[in-house]
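Written out below as structure tokens is the structure these notes cover.
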Amino acid sequence: MKCVVFIFKEKAIMGVPKRKTSQARRDKRRAHKKLTAVSLSNCPQCTELRMPHRVCPACGYYHGREVIEAEES
Ligand SMILES: [Zn+2]
């Protein structure tokens, strides 16, 4: 819940909700709040799974050229 604090005569005055938020209203607010799965695609260089727009951690390639040295694991 967002709240705005005003400073009035060197005292902090806070907005206080008039009514309790009902379970239905609270749960409706949170209906869109969820974790999303990480999207992965295959590296065109080594076909390892990697995240898009990132350097491949397996071969160190990005956009057809070696950017970093491949990690030994
Ligand atoms: Zn790769």
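The values are calculated or read from the model by the stated rules, or taken from the named source; none is laboratory data. Treat the numbers as computed from the prediction; the structure is a model and nothing was measured. Glycine gets a Cβ as well: all are built from the backbone with ideal geometry, and neighbour counts include every protein chain shown. All accessible areas refer to the heavy atoms of the entire protein, side chains included, with ligands and DNA or RNA removed. Shrake-Rupley method; radii C 1.70, N 1.55, O 1.52, S 1.80 Å.
Condition (residue is assigned to a loop (DSSP other than H, G, I, E, B) and on the phi > 0 side of the Ramachandran plot) applied to segment 36-45: is it met by at least one residue?
Narrowing segment 36-45 to residues assigned to a loop (DSSP other than H, G, I, E, B): 36-40, 43-45.
Checking which are on the phi > 0 side of the Ramachandran plot leaves us with none.
No: zero hits.
Determine, yes or no, whether residue 22 is of a type outside the set (D, E, K, R), at negative phi, without any contact (Cβ under 8 Å) to a residue 24 or more places away in the chain and out of contact with any Pro (no Cβ under 6 Å at 6 or more places or on another chain). Before the answer, list the steps.
On the way: of a type outside the set (D, E, K, R): yes; at negative phi: yes; without any contact (Cβ under 8 Å) to a residue 24 or more places away in the chain: yes; out of contact with any Pro (no Cβ under 6 Å at 6 or more places or on another chain): yes.
Here the answer is yes, as residue 22 does meet what is asked.
Is it the case that residue 12 is more than 16 Å from the ligand (Cβ to nearest atom), at pLDDT 95 or above and among the aliphatic types (A, V, I, L, M)? Step through it out loud before you land on a result.
Values: more than 16 Å from the ligand (Cβ to nearest atom): yes; at pLDDT 95 or above: no; among the aliphatic types (A, V, I, L, M): yes.
Here the answer is no, as residue 12 does not meet what is asked.
Of a type in the set (Ser, Thr, Tyr), open to solvent by less than 80 Å² (accessible area, probe 1.4 Å) and either in contact (Cβ under 8 Å) with a residue 12 or more places away in the chain or within 16 Å of the ligand (Cβ to nearest atom) (or both), is that true of residue 39?
On the way: of a type in the set (Ser, Thr, Tyr): yes; open to solvent by less than 80 Å² (accessible area, probe 1.4 Å): yes; either in contact (Cβ under 8 Å) with a residue 12 or more places away in the chain or within 16 Å of the ligand (Cβ to nearest atom) (or both): yes.
Spelling it out, residue 39 is indeed of a type in the set (Ser, Thr, Tyr), open to solvent by less than 80 Å² (accessible area, probe 1.4 Å) and either in contact (Cβ under 8 Å) with a residue 12 or more places away in the chain or within 16 Å of the ligand (Cβ to nearest atom) (or both).
Which count do you get for residues in segment 1-35 that are in a loop (DSSP other than H, G, I, E, B) and either touching a Ser or Thr at 6+ places or on another chain (Cβ under 9 Å) or within 30 Å of residue 59 (Cα to Cα) (or both)?
Residues that pass the stated criteria total 2.
Acidic (Asp, Glu) and open to solvent by 90 Å² or more (accessible area, probe 1.4 Å) - does that describe any residue in segment 20-29?
The answer is no, given that none of the residues of segment 20-29 is acidic (Asp, Glu) and open to solvent by 90 Å² or more (accessible area, probe 1.4 Å).
Can you tell me which residue within segment 50-63, out of those that are near the ligand (Cβ under 9 Å from one of its atoms) and of a type in the set (A, V, I, L, M, F, W, C), is least open to solvent (accessible area, probe 1.4 Å)?
The qualifying residue least open to solvent (accessible area, probe 1.4 Å) is 56.
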